[in-house]
Structures are given as C-alpha cells and as structure tokens.
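Written out below as structure tokens is the structure these notes cover.
The values are calculated or read from the model by the stated rules, or taken from the named source; none is laboratory data. Being a predicted model, the structure only gives us computed values, none of them experimental. All Cβ positions, glycine included, derive from the backbone under ideal geometry; neighbour counts span all protein chains shown. With ligands, DNA and RNA removed, areas are computed over all heavy atoms of the protein, side chains included. Shrake-Rupley method; radii C 1.70, N 1.55, O 1.52, S 1.80 Å.
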Amino acid sequence: MNQYFGMTIRDWPEQERPREKLIARGAVALSDAELLAIFIGTGQRGRTAVDVGRDILAQRGSLRALLDLDVRELATHAGLGIAKASRLSAALELGRRYLESQMVRADALRDPLACLTYVRSRLNAYPYEVFACVFLDSHHRVIAFEELFRGSLKGAEVHSREVVRRCLAHNAGSVIFAHNHPSGDVEASPADRDITLQLKNALESIEVEVLDHFIVGDGKALSFAQRGYL
C-alpha cells in the first residue's frame, strides 16, 4: 500500500513531491506516474494526481500506449479532460520537434542514431505501415523528412517515380528510407528488400545515393546498411 495513502501531495515530504523532485533531481528521477501527475496537476477525492496517473497507466498498460492515443481519446480518461490531454499532446510534439532539430544538425553518416531516434519517434505510433524519406544534401546533412506512402509495402503503394520527384524537388544528394512494422517485428521481408533495390536503381539515374533503410517497430530497429542489404 502507498505509504502516503489518504494524504494530499502537499502533505508529502517535500523531496517526494513530483515537482520538487524534478527540480532537485531532474525529470529522469521521476516515475511515469509522477511525470503524468505534473500534467494532471490535481487529484480527485481521496486520490492524488500520482494515483490518477498510476490508474491511467494501468488502464492502458504502458506510457507509450497512452501517449499514442488521439487527444480526444486521451481526454476520456478520468482525471485528464481536454485541457490536460492537449497539454500532454503538445509536450509530446515538442519532444518530436526537439529530436528533429537534433537530426537536422547532425551528419547522418557520423550520427546515424540521431536520425534513427527521430524516425522511430515519428513512425512507431502508427497502426499501419508508413514509408518515409530523409532527404540529405551532398554533405549528408538533413534537408527534410517526409512521410510519402501509407499501407503495406507488398502492394504498389511505394512508387519510385514519386521518390525520384521528391529527391529532385529537394535537390537531394542522398536519401535514407524508413518504414515501420506495426507488428513489432523489424526483420526485412522480401517485399522490403525488393522495393529498396527498385528505389536504389531508380535513384542511381539521378545520382542520388541511398545511405540506409531503417525498419522500426516497438522499441527495435533494423538497418539495411548494417545488414549488408544495400
């Protein structure tokens, strides 16, 4: 049982209050429920904001499952509501944009992790496959990230002509492909390898180099370059 059961957060020792703990020890020291409690702000009768946070996480099973929800779905949870759910969604988008700024400043070959971390943050939440491109200049600096196609790669959803067109539009010197596997299995299927080869051959005609193709899923990732598939 919680040692502070029946008490409000104001009654807790100062070093255990989520906001004060964050200030003193940094956000990394807080549990998922404590981080949520800072957004929730106030609890409900007989339950602190941390209790509410724990209950919401228990309902969804994990923080990721919770934050993957649409803002309207988030708002349906007791203790949140549309205003607090909006703040959570905004904070999540701020995190994505921070990762994007890190990726844009990075040399994609010298810091592939920055690129991978960003594409994972963008693609992991989708319940369907999304194919994206990271366009780079001749010095392997990021120009732009675009989600180009949605649906299974087994069909005709990924069109070489469109990828070529977008590379020309960005005056890209190289490109990194990325797509997600909603199943969580990041192994490359024959279709994944076939479309990558098709795209690589199409881009050779305009002298655009394919540096890598990432497959991301449920905390895991596969790099075609590391596997020797390119």
Checklist entry - Hey, how much of the P(r) for segment 42-94 falls beyond 19 Å, as a percent of Cα pairs? => result 20 percent
Item to check | Total formal charge among the other residues, if their Cβ is under 14 angstrom from that of L63, Lys/Arg +1 and Asp/Glu -1 | outcome: -2
Checklist entry - For A144 and D32, FRET efficiency with R0 = 30 Å and r from the beta-carbon atoms, rounded to 0.05? => result 0.35
Checklist entry - Want the number for A83 to S62: 0.36 nm per residue separation, take away the alpha-carbon distance, what's left? => result 5.4 nm
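At a 1.4 Å probe, what is the % contribution of carbon and sulfur to the accessible area of segment 170-218?
Looking at segment 170-218 in its full context, I get 43 percent from C and S.
Around F214, with a cut-off of 12 angstrom between Cβ atoms, what is the net charge of the other residues, counting Lys and Arg +1 and Asp and Glu -1?
Details: positive: R120, R122, K220, R227; negative: D192, D212.
Within the 12 Å Cβ shell, the charges total +2.
State the extension gain, in nm to one decimal, for the chain segment bounded by T42 and L168, taking 0.36 nm per residue of separation less the distance between their alpha-carbons.
Contour length minus Cα-Cα distance gives 40.2 nm.
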Next on the checklist: I'd like to know which of G81, A65, Y98 lies farthest towards the positive end of the charge dipole of segment 30-103, counting +1 on Cβ of Lys and Arg and -1 on Cβ of Asp and Glu.
Outcome noted: G81
Item to check | With eigenvalues of the C-alpha gyration tensor scaled by 5 and rooted, segment 58-215, Å | outcome: 32, 18, 13
Checklist entry - Which FRET efficiency value, to the nearest 0.05, do you get for E207 and T76 by plugging their Cβ-Cβ distance into 1/(1 + (r/R0)^6) with R0 = 45 Å? => result 0.30
Next on the checklist: Once you order the gyration tensor axes a ≥ b ≥ c over the Cα atoms, which shape class does segment 184-230 get: rounded for a/c under 1.5, otherwise prolate or oblate by comparing a/b with b/c?
Outcome noted: prolate
Checklist outcome for this item: The farthest towards the positive end of the charge dipole of segment 188-230, of the residues Q198, L222, V208, given +1 on Cβ of Lys and Arg and -1 on Cβ of Asp and Glu, is L222
Checklist entry - If you count, for each residue, the other Cβ atoms within 10 Å and average over each peptide, how do 167-175, 209-217 line up from highest to lowest? => result 209-217, 167-175
Checklist entry - What is the ratio of the Cα radius of gyration of segment 124-215 to 2.2 N^0.38 Å, where N is its residue count, to two decimals? => result 1.02
Item to check | Computed over segment 155-228: relative contact order in percent, which uses C-alpha pairs under 8 Å that are six or more apart | outcome: 39 percent
Item to check | Prolate/oblate/rounded call for segment 117-171, Cα gyration tensor, a/c under 1.5 rounded | outcome: oblate
